[in-house]
Each structure stands twice: as C-alpha cells, then as structure tokens.
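Right, one structure below, let's go through it.
The values are calculated or read from the model by the stated rules, or taken from the named source; none is laboratory data. From a predicted model like this one, the values you see are computed outputs, not experimental measurements. Here the Cβ positions follow ideal geometry from the backbone for every residue, glycine too, while neighbour counts run over all protein chains shown.
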Amino acid sequence: MRVTKEKARENRERIVDTAAMLFREQGFDRVGVAQLMEQAGFTHGGFYNHFASKDELIAEALARCFDERSEQYAGHEAIAIVERYLSRDHRDAPGRGCPAAALGSDASRQSDETRSAFAAGVENMIAAIEKDVRPKQAHDPVSRARAISVLAQAVGAMILSRACPESSSLADDILDTCRAECISIFDNHGERELSGES
C-alpha cells in the first residue's frame, strides 16, 4: 500500500521526535538506527525512506530539541527560565530536557551540520537570557557576556548534577548554588561589573 505524502510526513516527524528523546537520554552514538526505528514503531529498513544518513537525522533531531526548549521558555522572564532549568525535575528528565546539557560533549564530535544546529540553538538560548540582563542601550556586549556566563554556568551545573548519584546531596547543592548565583546576575545587573566571578 502506498503511503500518502501526509502520512510520510507524520512518520518522519515521529522518527525525529523519538530520536530527540533517545539522543538526549543516551547520546548520539549509543542509539542505533534499528533501536530508534523500533522505538518509533517502524522497521529498520524504512529509515532510509526518510533520511539519507543518521547524521542528517541527528542534525534535525538536535534542532527539534532546541525548538522544544524555546517553546517551553517563550514568554518567561530569564529568572523563571533559570529556576526551571536548574531544578530536580529537569535534572531527572534528560530525555525531555535541554540538549546543551545532554548532548554538548557529543555534539563536539559530530558533523559540521550538527555543530551548526547546536550553535544556532545555543544562540537562541543566549538571546532569551540576554533580554533580561541588557541595559538600556541595545546590543551591549557586556550583557551578551553575562548571558553567556549564565548559560554556561547553568549547563555546567546540570551536567555535574546529573553525573552525581541521584541520592547525593552534592547533586542538589550544585543546582541550588548555581541557581542562586545565576539569579543574582539579573538582580544586580545594573550595579555588578562582569569580572572573574561566575
């Protein structure tokens, strides 16, 4: 039976959504095409009806991950974003979480197409934070530097917290400490100088 264009599009979307979750849970290299297609409800051979290669799927799934995060954070102030980001809920659900924290080290070893998708996603995250640390003049380089600092600290904290045993008090201490420090940047951005402080 021939598959309609609409059904083919729906099938491709399901594969991308499944990949976006599995990649964040297990990493790019630990998810094979056969496993991915089975999880999505398709046969292994059907993969190449939708994608020329796994690399093509990786880039598309990564872009989807970042789009999901942008939609979740849309309309929220940066402080609220940081509070949600540096939470136990986010820590304990990597398959639905931030691709920067789940896949940053993996992305560095992928194709230029994947790394470009990663960089575009990170730029969007920086922009979402920067709007709340920006002084009155637009495109202030210090504001961008602060936004990058907040994002890097938040992503790093999530990676370190996830690497600790779930029952570890250190896992919570890392999130709590970095959440407070990141929020202080928004509270004090008018007076605080960007320095060696994180």
*asked:* Restricting to the stretch 12-57, name every residue that is β-branched (Val, Ile, Thr) and surrounded by 14 or more Cβ atoms within 10 Å (Cβ to Cβ).
replied: Ile15, Val16, Thr18, Val31, Val33
_Which condition from (1) surrounded by fewer than 17 Cβ atoms within 10 Å (Cβ to Cβ); (2) farther than 30 Å from Pro165 by Cα; (3) among the acidic types (Asp, Glu); (4) touching a residue at least 40 places away in the same chain (Cβ under 8 Å) is the one that Glu60 breaks?_
(1)
*Could you tell me which numbered condition Ala152 fails, if it satisfies all but one of (1) touching a helix residue (DSSP H, G or I) at 6+ places or on another chain (Cβ under 7 Å); (2) modelled with pLDDT of 95 or more?*
(1)
*Could you give me the residue pairs with C-beta distances under 8 Å whose first residue belongs to the stretch 36-56 and is within 16 Å of Glu10 (Cβ to Cβ), whose second residue is exposed (fewer than 13 other Cβ atoms within 10 Å of the Cβ) wherever it lies, and which are 6+ apart or on separate chains?*
Met37/Thr43
*asked:* Out of Ala74, Ala107, I need the residue that is buried (at least 21 other Cβ atoms within 10 Å of the Cβ), within 16 Å of the chain's Cα centre (by Cα), aliphatic (A, V, I, L, M) and at pLDDT below 95. Which one?
replied: Ala107
*Filter the stretch 27-46 down to residues that are part of a helix (DSSP H, G or I) and at pLDDT below 95, then give me how many there are.*
3
